[in-house]
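Heads up, the thing below is written out as structure tokens.
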Amino acid sequence: MSDQSEKYACLSSKIEIELLKKEIQQLRFIYEDAIASLRSTSLELEEARRNARMLEHEVEETKKLAVYDMLTNLFTRYEMEGQINHHLSLLLRAEHMIEKGKLTQTEPEHFSILFIDLDGFKAINDTQGHQYGDRALRTFSSLLKQSFREADVISRWGGDEFVVLLPGVNREKTVKIISVLQDNLTNVSIPCDDGSYIHLRASIGIASTSEISTPRTLEEMIKRADNEMYESKTNNRGK
């Protein structure tokens with residue numbers, strides 16, 4: 001090979017080497033950009049997962065607030081309304097099927113509700129303070145949980161009012177249950193800092209689907225039980 005050919009070959013090799021270096025450098029830049037992009041995407045995905053977990057937790061907490069009362073951990077009014085409407089729906093459906101001869105049972109399963117109001121609750125808040133009012137509500141709620149069956153549904157309707165749903169219980173049995181609950185109340189007292197005691201009393205009304213003029217809506221049942229509770233409260237004041 002001539003000297004001239006060797007020079008051209010050497011120059012060509014140098015050019016190819018330089019081109020390869022540039023390609024390698026470009027590939028390195030592309031690789032580094034890809035790695036950086038993957039890292040950024042990974043961080044974004046992790047952030048998205050954290051946000052999703054936080055949102056899921058917030059949704060669960062919101063659901064819990066809709067179902068459970070924060071102070072007493074009883075069911076809320078919203079949940080109780082749903083429960084009563086559900087049992088009313090089952091009752092009306094059973095009655096319809098019996099009427100059409102599609103059920104052999106002679107009577108659908110009835111249920112009752114109690115509307116309960118703590119007597120003298122405002123006086124507790126006024127004389128002892130709201131912390132004792134809250135304590136009275138929690139104490140009474142615990143007593144309700146101890147006094148009813150696992151199948152019964154207990155709710156804080158609002159303020160010092162409570163509603164209890166008793167599936168499969170007619171009015172006669174409900175009256176006996178109230179008697180037991182009132183007896184249990186006589187054994188409950190809350191000590192105060194000034195040496196006095198808070199003695200809990202309650203006025204209770206009943207509405208039962210087993211009654212002759214049977215209520216057939218949530219509003220009717222609550223109104224009937226509330227009216228009976230008010231009559232009980234009026235009688236208690238006279239004692």
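Readers should treat all values here as calculations from the given coordinates under stated rules, not as data from a laboratory. Bear in mind that the values here come from a model prediction, so they are computed numbers and not experimental data. Because the Cβ atoms are built from the backbone with ideal geometry, glycine has one as well, and the counts that use them run over all protein chains shown.
Listing for the model above:
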quantity	calculated
Cut-off under 5 Å, modelled amide H: who pairs with residue 68 long-range	76
Gain in span if fully extended, residue 183 to residue 234, counting 0.36 nm per residue against the direct Cα distance	16.4 nm
Square roots of 5 times each gyration tensor eigenvalue, C-alpha, the range 77-237, largest first, Å	34, 14, 14
Length gained when the stretch residue 109-residue 192 is fully extended (0.36 nm per residue, less Cα-Cα span)	25.4 nm
R0 of 22 Å, Cβ-Cβ distance residue 172-residue 142: FRET efficiency to nearest 0.05	0.20
